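K.L.:
Please find one structure pasted underneath; my questions will follow.
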Amino acid sequence: MTKKTLDCSDLDQHMGKAIAPAKMKEPLHNNDIRRWVQAMHYPNLLHYDHDFAAEGRYGKLVAPQSFAVACDDGHGAGPACVGCIPDSHLIFGGDEWWFYGPKIFGGDEITNEKIPYDYSVKETSFAGPTCFQRGDNNYYNQHGDFVARQRSTAIRYSREAAVEMGAMEPSEDPVWSDAELKELEDRKYEYIKMMHDLGHGKRYWEDVQVGDELPVRVIGPHSIASFTTEWRAYLFTIWGGTHRPGMDMEAMGFTKEFAGHENDPVMERDNPEWTDGAYFGPSRGHLFPEWAHRIGMSRAYGYGASMGAWILDYLGGWAGEWGSVVHSKANYRGPAFTGDITIMTAKVVDKIVDEDNGHLIQVECKMVTQANAVMATATAEVALPTKG
């Protein structure tokens, strides 16, 4: 096998330089929030049920903290994918989030300021020389309030090398019996019932102890249908909904068969189907197994930004409406493949009193498949109310 190289020399000129900000063309709607939690498999009444939300802390529907990424024009990847790496492809490597207090509601207008941060090149068993590139997404509302910062990591690699090295050979979806599927639905409901039981109540900092384990959260089995539902919940995938930045995918190094016209404002007015990443362009490997194989993936696979959302929702649902995630750092080890399930667990590892963020619970979170293959790990700090 020929030793592969990865030319990242063009990236230096882009670091630290802001790129076109992202903004939806119209204010957010409650149904945008409802669509999001439905797609993320997060049935928290606070985010979709009008009557329940009206009785709660905010008096109306409020978006989950994970929803900020839905207000971007590329699920946070934009500032982590600048500059040309010839003949490359991209998958998500992780997200670090900081939240500053303001919540997102229907009627808000969110703008994302995007700034490339840094990159490094490491040798991997997946594709040989691999670029780990990071970029910041700074989300503000219409009042100028700083809602959140998302520091995304993109993994950029030689598509040819990934296919040649064969770290992920094509494979078939696992088969689940009716009894197994019924058991999975029961396991899913255990987490949902935990949210129902907490309701509008408070989970107090004093009542949580180091060593406590959070209720298990199960998602799946994943399918092309579920991944498509996720994709459609990202608002930038809707025709005409976003001020498009006009990204040139070929100029960034994507091979011609994958480059397409995703996020192309000119083509969107001429033939919008060509601008839709679900069918053409670099994102179609998610929904079409043939194209997944062409970038070194074993089957159709899910979105890294969705995995980050699952983690934030998992912790947010446990914290309840009086708690909130203040920081989360997640590393993605492997995608959600069709046929697999995702099992999420977390353990309390510390209790902190912080001058800026109050009383915090630190947790370590893990996301695995039914075969115990690690999909992601995360460390997060969650603010909870106190009895004092």
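Read-outs throughout are calculated quantities, based only on the coordinates presented, and are distinct from any laboratory measurement. For clarity, every value in this text was computed on a predicted model and none was experimentally measured. When we count neighbours, we look across all protein chains shown, and the Cβ atoms used for this are built from the backbone with ideal geometry, even at glycine.
K.L.:
log₁₀ I(q)/I(0) of region 215-281 at q = 0.17, 0.26 Å⁻¹, via Debye over equal Cα point scatterers, no solvent, to two decimals?
P.N.:
Taking Cα atoms of region 215-281 as identical point scatterers yields -0.66, -1.14.
K.L.:
Based on other C-beta atoms within 10 Å, arrange 248, 12, 340 from fewest to most. Before the final figure, lay out each step's value.
P.N.:
On the way: 248 13, 12 9, 340 25.
Fewest-to-most Cβ neighbours within 10 Å comes out as 12, 248, 340.
K.L.:
Counting other Cβ atoms within 10 Å of each Cβ, which chymotrypsin sites (Phe, Trp or Tyr not before Pro) in region 41-109 have at most 12 and sit in a DSSP loop?
P.N.:
Passing both the DSSP loop test and the Cβ count: 58.
K.L.:
Moving on to the next point. Going by Cα centres, region 1-43 and region 307-328 are how many Å apart?
P.N.:
Comparing the Cα centres of region 1-43 and region 307-328, I get a distance of 20 Å.
K.L.:
Further, regarding this structure: Using r as the Cβ-Cβ distance of residue 238 and residue 50, and R0 as 25 Å, what FRET efficiency do you calculate, to the nearest 0.05?
P.N.:
With a Förster radius of 25 Å, E is 0.65.
K.L.:
Using a simple spin-label model with points 7 Å from Cα along the Cα→Cβ vector, what separation in nm is obtained for residue 197 and residue 18?
P.N.:
About 4.8 nm, to one decimal.
K.L.:
Follow-up question, since we're still on this one. Which of the aspartates and glutamates could be linked to residue 329 by a straight reach, that is with a Cα gap under 15 Å, when you skip same-chain ones fewer than 8 residues away?
P.N.:
Reachable aspartates and glutamates: 95, 96, 136, 313, 364, 381.
K.L.:
Collect residues whose amide H, placed 1.01 Å from N in the peptide plane, falls under 5 Å from the amide H of residue 119; neighbours closer than 5 in sequence don't count.
P.N.:
134
K.L.:
Now for a separate question. For residue 362 paired with residue 204, estimate the spin-label separation in nm (one decimal), with each label point 7 Å from Cα along the Cα-to-Cβ line.
P.N.:
Rounded to a tenth, the inter-label distance reads 2.5 nm.
K.L.:
Hey, for a label at residue 60 modelled as a point 7 Å past Cα toward Cβ, could you say which residues of region 105-122 have their backbone N under 13 Å away?
P.N.:
105-109, by backbone N distance to the label point.
K.L.:
While we're looking at this one, here's another question. If you wrap a convex hull around the Cα atoms of the chain, how much volume per residue is inside, in Å³?
P.N.:
Looking at the chain, the number lands at 142 Å³ per residue.
K.L.:
How big is the gap, in Å, between the Cα center of region 139-197 and the Cα center of region 330-384?
P.N.:
A separation of 12 Å, based on Cα centres.
K.L.:
Under 18 Å from the Cα of residue 122, which lysines turn up, not counting those fewer than eight places away in the same chain?
P.N.:
3, 4
K.L.:
Among the aspartates and glutamates, which have Cα under 16 Å from the Cα of residue 25 when same-chain residues fewer than 8 positions away are ignored?
P.N.:
Partners found: 72, 73, 108, 109, 113, 264, 268.
K.L.:
I would also like to ask the following. Using the Cα centre as the reference, give the magnitude of the dipole from point charges on the C-beta atoms of region 152-292 (Lys, Arg: +1; Asp, Glu: -1; all else neutral), rounded to the nearest 20 debye.
P.N.:
Dipole size: approximately 500 debye.
K.L.:
Something else about it: For the chain, what is the mean residue ellipticity at 222 nm derived from helices alone (per DSSP H run of n ≥ 4: -39500 (n - 2.57); sum divided by total residues; nearest 500 deg cm²/dmol)?
P.N.:
-6500 deg cm²/dmol
K.L.:
Let me ask something additional. Using the Cα centre of region 11-383 as the reference point, and only Cβ charges (+1 on K/R, -1 on D/E), how large is the resulting charge dipole? Debye, rounded to the nearest 20.
P.N.:
Dipole of region 11-383, to the nearest 20 debye: 240 debye.
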